[in-house]
1. Considering only segment 173-181, I want to know if a residue exists there that is of a type in the set (Gly, Ala, Ser), over 16 Å from GLY81 (Cβ atoms), touching a residue at least 60 places away in the same chain (Cβ under 8 Å) and out of contact with any strand residue (DSSP E or B) (no Cβ under 7 Å at 6 or more places or on another chain).
2. Taking the criterion of being open to solvent by 20 Å² or more (accessible area, probe 1.4 Å) and under 26 Å from ALA172 (Cβ atoms), would at least one residue in segment 211-225 satisfy it?
3. Could we say that ARG98 is open to solvent by 20 Å² or more (accessible area, probe 1.4 Å), farther than 28 Å from TRP198 by Cβ, more than 15 Å from the chain's Cα centre (by Cα) and charged (D, E, K, R) here?
4. Which pairs have Cβ atoms under 7 Å, sit 6 or more apart or on different chains, and link a residue in segment 254-278 that is more than 22 Å from ALA188 (Cβ to Cβ) to one that is part of a strand (DSSP E or B) and open to solvent by 20 Å² or more (accessible area, probe 1.4 Å)?
5. Any residue in segment 208-228 that's more than 27 Å from ARG247 (Cα to Cα): show its pairings with residues that are surrounded by fewer than 16 Cβ atoms within 10 Å (Cβ to Cβ) at Cβ separation under 7 Å, as long as the two are six or more apart or on different chains.
6. Just checking: which of the helices (runs of 4 or more DSSP H) contained wholly in segment 200-308 hold 1 or more residues that are on the phi > 0 side of the Ramachandran plot and not acidic (Asp, Glu)?
Amino acid sequence: QDSSDHSMLAILSTTPAVHSSAELYEPAAAVTAPYPTAGGVARRSTGGGGATRRRRGPWAVVPQAQPGPSVVLLYHIEKTGGSAVMKWLKRQTHAPSRLAAVYSYSQTSCFFALHADLFPGMEPRWRDKLCGGAAPLDWRSSKVAVEFHSYSKGFFLRSVLPALGALKRRYAEANGTVVAVTSIREPASHLLSKYRMWPPRTADRTHAVPLPAWLASGEAHSLQSRALLSERPALPGCEGLTEARARLGQFDLVGVTHCLRPLLAAIEERLGLPHDPARTGAALAAYHRPQHWGGAIGREASEWTASR
């Protein structure tokens, strides 16, 4: 399929899309693979049912083939393809490396430590085990990426956005670039994906709330708008829609879940990297099966989503 079949699912960017695709990528239910870090090999384990990942270092701290500073700031809204983008970013640390380090949402302090003067409220500290080295990277010669996801989305909204202009000026003076990236998703599939991954529970927490009841409760209303404004109390109804649209305008690149390839190509272009279809294909290949909660509650939720 090409993007002409999905005109609403085109990349929203000032940079023309290099490729078009209407493929939907979601993380596989379980993957375990080794990734290099400064201290050796760390293993990654993901899965449904709320599985957590713990790491001591970033995905890589390696010499990069392309000189020059840059930073990719990924604002990862749940269930919009952010995990696939992170998988692609990690691929850029494989030889020949195109990124020096990729920091997950639990390692944002490593990024803040590179620019401590811009983020004094974040108490930036470089921790050698967490950040992958005894001393911070020299941002003037490093291409890095950092993910803001889950609780760390608030760090981005409260601390990074207000300093984004100063951060961009700093990199521009060093002939570098800052790219703020996020993605959004067609609302119906986003609702179903979120319900399938984190089904709401009844008061006694023994059963999944039926999908129609969850939709009628109001808790499913404006999920992505609320995620873009998560640093403040949720506004009722559609009151936050205008602000959410304005917030999207603060990102350099906004992609959509069903068209991740154009988004990744646009990131490459912004970073001055040649297009690498092999890395893109390898990174997205595993993202084809929906994630879901495990156990009896997961089975109850799947009865509402399996055929939808």
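The values are calculated or read from the model by the stated rules, or taken from the named source; none is laboratory data. Since this is a predicted model, take the numbers as computed values, not measurements. Counting neighbours? That spans all protein chains shown, and the Cβs are built from the backbone with ideal geometry, glycine included. Heavy atoms of the whole protein, side chains included, go into the accessibility calculation; ligands, DNA and RNA do not. Shrake-Rupley method; radii C 1.70, N 1.55, O 1.52, S 1.80 Å.
1. The answer is yes; a qualifying residue exists.
2. Of segment 211-225, the ones open to solvent by 20 Å² or more (accessible area, probe 1.4 Å) are 212-213, 215-219, 221-225.
This time we only want the ones that are under 26 Å from ALA172 (Cβ atoms), so: none.
For segment 211-225, residues open to solvent by 20 Å² or more (accessible area, probe 1.4 Å) and under 26 Å from ALA172 (Cβ atoms): absent.
3. Details: open to solvent by 20 Å² or more (accessible area, probe 1.4 Å): no; farther than 28 Å from TRP198 by Cβ: yes; more than 15 Å from the chain's Cα centre (by Cα): yes; charged (D, E, K, R): yes.
Answer is no for this residue.
4. That search, which allows pairs on different chains as well, returns ALA266/SER13; ARG270/THR177; LEU271/THR177.
5. ALA208/ARG201; VAL209/ARG201; VAL209/THR202
6. Numbers: elements: 211-217, 223-228, 241-248, 260-271, 277-284, 295-305.
By residue number, 295-305.
A quick yes/no check of all residues on (1) open to solvent by 60 Å² or more (accessible area, probe 1.4 Å); (2) touching a Leu at 6+ places or on another chain (Cβ under 6 Å); (3) aliphatic (A, V, I, L, M):
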{"position": "TRP126", "(1), (2), (3)": "no, no, no"}
{"position": "ALA134", "(1), (2), (3)": "yes, no, yes"}
{"position": "LYS143", "(1), (2), (3)": "no, yes, no"}
{"position": "ALA163", "(1), (2), (3)": "no, yes, yes"}
{"position": "GLU173", "(1), (2), (3)": "yes, no, no"}
{"position": "PRO187", "(1), (2), (3)": "yes, no, no"}
